[in-house]
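The values are calculated or read from the model by the stated rules, or taken from the named source; none is laboratory data. Since this is a predicted model, take the numbers as computed values, not measurements. Please note: Cβ atoms are built from the backbone with ideal geometry, for glycine as well, and neighbour counts cover all protein chains shown.
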Amino acid sequence: MAETATLTYKDTTIELPVIEGSEQEKGLDISKLRGSTGLVTLDPGYKNTGATTSGITFLNGEQGILRYRGYPIEQLAENASFTEVSYLLLYGDLPNKEELAGFDRKLSMHTLVHEDIKNFFLAYPSKSHPMGQLISIVSSLSTFYPDSLDPNRSAEKVDLTMIRLLAKFPTIVSWIFKKNIGHPIVYPQNHLDFVSNFMHMTFGQRTEDVEIDAVIVDAVNKLLILHADHEQNCSTSTVKIVGSSHANLYASVSAGISALWGPLHGGANQAVLEMLENIRLDGGNTTKWLDKAKDKSDPFRLMGFGHRVYKNFDPRAIIIKKAADSVLEKLGVDDPVLEIAKKLEEAALNDDYFKSRKLFPNVDFYSGIIYRAIGFPVEMFTVMFALGRLPGWIAQWKEMLELKSPIGRPRQIYTGHNERNFVALNDR
Ligand code: CMC
């Protein structure tokens with residue numbers, strides 16, 4: 001028999017169904033709560049609220065498990081390509097050879113970005129943040145493709161919109177990078193694989209092919225896979241809330257990029273590097289900075305530490321830490337902030353404040369060190385996170401529409417004034 005939980009409020013007792021997921025996760029279905037009792041639930045930050053059922057990503061924060069469509073992140077990061085993982089997230093299964101070749105071909109047919117987008121760069125102030133540019137360019141794609149805006153149009157149209165966005169995103173990111181350093185943009189070379197093409201547009205030059213080191217391509221591939229999805233996080237939930245009104249995919253993803261920008265979410269990778277650099281310039285005294293992070297009267301937090309769901313370790317951080325070591329070694333880069341990061345990590349892991357709150361390095365603690373070794377300026381780090389997270393946002397948006405989810409519209413408990421009469425300006 002299906003499990004239920006009993007809730008009694010005043011004279012009313014109701015049975016709330018317990019919903020069980022495929023990994024035995026359990027949740028209380030409270031959809032009948034307000035109708036039966038007049039109550040709503042209050043859960044700031046949605047710390048205990050499941051917004052949806054989902055078949056895309058499984059995460060167990062206590063055991064440090066992360067799987068896309070059932071496949072462990074460790075196996076995907078080690079063996080798969082980013083487009084293979086994107087296919088998996090979007091369509092539910094790993095592609096066979098023909099399916100992957102077809103998917104890659106479709107992506108390579110849509111890599112060009114409308115030439116008019118170059119005009120945007122004439123308008124941005126010279127030091128504007130790449131995330132601000134990315135948000136506006138992605139949202140503006142909707143103005144170039146008015147025929148494919150309706151998410152309820154044919155499945156083919158929706159698929160075309162998804163492919164267009166996935167294919168054009170690396171081109172847009174590389175143009176933002178080039179424009180920010182004042183270099184000419186580089187056009188896609190469609191015989192290259194997705195990551196190599198992106199690296200060619202980002203670090204290559206217009207006139208000649210630049211050989212991108214396979215170690216770098218491999219590291220970027222891994223980083224993108226590790227960021228590709230993370231179930232109902234802040235930016236994904238934003239994409240879905242916006243998409244739940246049936247706004248188009250470009251508008252929904254642009255909103256997700258805005259959510260990602262904050263330092264508590266994807267912006268943490270930039271904040272980590274800036275923090276490590278500050279510690280270095282301050283003489284490398286990690287104890288002083290740990291004390292600051294523990295001091296409740298000081299707004300400083302140890303960036304790259306802590307996670308809403310991981311309470312023992314973040315499996316992505318373990319893979320990235322190893323990758324950081326090997327990338328820096330293979331590239332012959334000796335970055336003093338890597339040593340500071342390791343010292344800080346060790347001190348925090350042995351500190352009662354961090355131990356008792358189960359605060360561990362998250363995915364962003366070491367990713368910036370790799371990006372910096374490759375040659376990305378810090379302002380590009382969160383843009384790289386967005387490039388990785390894109391297939392996850394799209395897959396979750398697609399699933400939301402397939403589940404025919406209702407518009408996202410939370411309730412509240414009002415704590416403001418009771419009704420009062422307007423007072424004319426002269427009498428106030
Ligand atoms: N430094 C110092 N104290 C911390 C930190 C930190 N990085 N993170 C959490 N705490 C403390 C917090 O002050 C609170 O202490 P107390 O119980 O005494 O009030 C306790 O730990 C619980 O923290 P919380 O803010 O209630 O936890 P949360 O689940 O709301 O926040 C978080 C999670 C990731 C926003 C937070 O840990 C944080 O701000 N970390 C630093 C920013 C960061 O690295 N973000 C990237 C997250 S991973 C990438 C992604 O997927 O977004």
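Structure notes:
- Lone qualifier among Leu260, Leu331, Leu281, Leu276 - being buried (at least 17 other Cβ atoms within 10 Å of the Cβ) and either away from the ligand (no atom under 14 Å from the Cβ) or charged (D, E, K, R) (or both): Leu331
- If you go through segment 392-422 and pick out every residue that is free of Cβ contacts under 8 Å to residues at least 24 places away in the same chain and in a helix (DSSP H, G or I), you end up with 1.
- In segment 337-367, of all residues being aromatic (Phe, Trp, Tyr) and within 11 Å of the ligand (Cβ to nearest atom), the one that is surrounded by the most Cβ atoms within 10 Å (Cβ to Cβ) corresponds to Phe365.
- Taken over segment 28-66, residues that are of a type outside the set (Val, Ile, Thr), surrounded by 15 or more Cβ atoms within 10 Å (Cβ to Cβ) and closer than 21 Å to Ser405 by Cβ amount to 7.
- One residue stands out in segment 2-40 among those that are touching a helix residue (DSSP H, G or I) at 6+ places or on another chain (Cβ under 7 Å) and part of a loop (DSSP other than H, G, I, E, B): the one that is nearest to Glu231 (Cα to Cα), namely Val40.
- Only residues that are assigned to a loop (DSSP other than H, G, I, E, B) and either under 16 Å from the mean Cα position of the chain (by Cα) or within 19 Å of Pro44 (Cβ to Cβ) (or both) were counted across segment 231-262, and they come to 4.
- Within segment 291-312, considering residues that are more than 9 Å from the ligand (Cβ to nearest atom) and either within 17 Å of Lys358 (Cβ to Cβ) or not assigned by TED's automatic domain parsing to the domain that holds Ser356 (or both), the one surrounded by the fewest Cβ atoms within 10 Å (Cβ to Cβ): Asn312
- Any pair with Cβ under 7 angstrom, 6 or more apart, that starts in segment 136-148 at a residue that is of a type in the set (Ser, Thr, Tyr) and ends at one that is surrounded by 15 or more Cβ atoms within 10 Å (Cβ to Cβ) and not in a helix (DSSP H, G or I): Ser142/Leu149; Ser142/Asn248
- Summed over segment 368-384, the residues that are out of contact with any Leu (no Cβ under 6 Å at 6 or more places or on another chain) and within 12 Å of the ligand (Cβ to nearest atom) give a count of 2.
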